[in-house]
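The values are calculated or read from the model by the stated rules, or taken from the named source; none is laboratory data. Keep in mind that this is a model prediction, so the values were computed, not measured. Quick reminder, even Gly has a Cβ in these numbers, built from the backbone with ideal geometry, and neighbours come from all protein chains shown.
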Amino acid sequence: MQMNFHRKLPSSQEVKNELPLTGRMEQVKAERDDHIKKVFDGSSDKFLLIIGPCSADHHEPVLEYISRLRRVQEQVADKIIIIPRIYTNKPRTTGQGYKGMLHQPDPEAKPDMYKGIAAIRELHLAALRDYDFSCADEMLYPENHRFLSDLLSYVAVGARSVENQQHRLTASGVGIPVGMKNPTGGDLGVMMNSIVAAQSGHTFIYRGWEVSTEGNPYTHAILRGYVDHTGRSVSNYHYEDLLRVEELYEKSNLTNPSIIVDTNHNNSGKKYLEQIRIAKDIVHSRNQNVDIKRLVKGLMIESYLEDGAQGMGEHVFGKSITDPCLGWEKTERLILDIADKL
């Protein structure tokens, strides 16, 4: 085998014992889980905003951003549940570039996954302990989910992972809402199949154990646009697209039919400022059709302290080092505008 084995990493239980939750944090997490699940099962009409940086890079700007989200959350609490994005893994199309805080807790240093495991847990712990936010992360590596499983209230499975069997099976047993993105090629059937798989029970191997699950009824669709055969970005958030997914749900007989719309990626053509228009368009569609309003549970928005993105080594506090994001002023205004229109 042509792999260099550097060191044995701690188990997830060892990490949790070293960096535990307090009883109060466990209570806050349980209450947020309950509120978020009620949105997906239809017993709450609140709207979800899964919002934050494309990738978490440094503790200080991410926590500054989350502190600002907390102040806005208090203003819109009667209508909106904010789930901050603390995405600690970054999928790379070619495998090149910054792979996220798990790999590189210091983006300008060499990979150090031992330090990375502690860094990502400490960041999620701080969000919960200091700001009462249990957050969202991407399940890029299913075997790593257990390092954060007691902290997360939402998980997304990305467009490049949604066809993977291990992602689907793991999603069936995580116990929190899991969003399945449509694949990069746009085949909604693939996305729906992944939801069927994750809502079903399975027996499989996970982290060296034989495990069984009963299925996750809170698995749902995320529409993020796609790339056509010419390489052109095509959006799939429009009124007719939402009705099309409603038809697919009706044919599938799935539990808790739900959509989260990703306002960036191929829906925006990676033009991050378009997220503002797209978000308002989706809220308008919900207000025009009771079926769409019942189906579309929220939005996924890429946002940080500063507009745009920066190159490695520029050191602009709170500016994305991966995909461009909305800056804070635009973000705050957008959240308040959405609340006014709900």
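In table form, for the structure just shown:
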| item | result |
| --- | --- |
| Cβ-Cβ under 7 Å pairs, at least 6 apart or on other chains, the range 46-57 side among the basic types (Lys, Arg) and at pLDDT 95 or above, far side assigned to a loop (DSSP other than H, G, I, E, B) and surrounded by fewer than 24 Cβ atoms within 10 Å (Cβ to Cβ) | Lys46/Lys79 |
| Scope the range 21-38; condition crowded, with 17+ Cβ neighbours inside 10 Å and acidic (Asp, Glu); matching residues | Asp33 |
| Number of positions in the range 232-255 that are farther than 13 Å from Ser285 by Cα, touching a residue at least 12 places away in the same chain (Cβ under 8 Å) and surrounded by fewer than 16 Cβ atoms within 10 Å (Cβ to Cβ) | 4 |
| Within the range 39-97, tally of residues that are under 13 Å from the mean Cα position of the chain (by Cα) and either under 15 Å from Cys135 (Cα atoms) or of a type in the set (Phe, Trp, Tyr) (or both) | 17 |
| Hey, Glu18 surrounded by fewer than 18 Cβ atoms within 10 Å (Cβ to Cβ), within 19 Å of Ser303 (Cα to Cα), modelled with pLDDT of 95 or more and not hydroxyl-bearing (Ser, Thr, Tyr) or not | no |
| Residues (modelled with pLDDT of 95 or more and either closer than 16 Å to Gly185 by Cα or not aliphatic (A, V, I, L, M) (or both)) located in the range 231-244 | Arg232, Ser233, Val234, Ser235, Asn236, Tyr237, His238, Tyr239, Glu240, Asp241, Arg244 |
| Among (1) in contact with a helix residue (DSSP H, G or I) (Cβ under 7 Å, 6 or more places away or on another chain); (2) not in a helix (DSSP H, G or I), the one test that Met300 misses | (1) |
| Test: residue in the range 244-253 that is among the aliphatic types (A, V, I, L, M) and part of a helix (DSSP H, G or I) | yes |
| Extreme residue, surrounded by the most Cβ atoms within 10 Å (Cβ to Cβ), among residues of the range 51-100 that are assigned to a loop (DSSP other than H, G, I, E, B) and polar (S, T, N, Q) | Thr88 |
| Identity of the residue in the range 317-327, more than 20 Å from Asn266 (Cβ to Cβ) and either of a type in the set (S, T, N, Q) or touching a helix residue (DSSP H, G or I) at 6+ places or on another chain (Cβ under 6 Å) (or both), that ends up surrounded by the most Cβ atoms within 10 Å (Cβ to Cβ) | Gly318 |
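Residues are listed down the side, and each one gets a yes or a no for (1) free of Cβ contacts under 8 Å to residues at least 24 places away in the same chain; (2) farther than 30 Å from Met192 by Cβ; (3) touching a strand residue (DSSP E or B) at 6+ places or on another chain (Cβ under 9 Å):
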| site | (1), (2), (3) |
| --- | --- |
| Met113 | no, yes, no |
| Ile117 | no, yes, no |
| Leu125 | no, yes, no |
| Leu128 | no, yes, yes |
| Ser134 | no, no, yes |
| Leu151 | no, no, yes |
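Per-residue answers, yes or no, for (1) outside any loop (DSSP other than H, G, I, E, B); (2) touching a Leu at 6+ places or on another chain (Cβ under 9 Å); (3) acidic (Asp, Glu); (4) within 24 Å of Thr88 (Cβ to Cβ):
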residue: Asn144; (1), (2), (3), (4): yes, yes, no, yes
residue: Asp150; (1), (2), (3), (4): no, yes, yes, yes
residue: Glu163; (1), (2), (3), (4): no, no, yes, yes
residue: Gly179; (1), (2), (3), (4): yes, no, no, yes
residue: Val190; (1), (2), (3), (4): yes, no, no, no
residue: Ser194; (1), (2), (3), (4): yes, no, no, yes
residue: Gly215; (1), (2), (3), (4): no, no, no, no
residue: Gly231; (1), (2), (3), (4): no, no, no, no
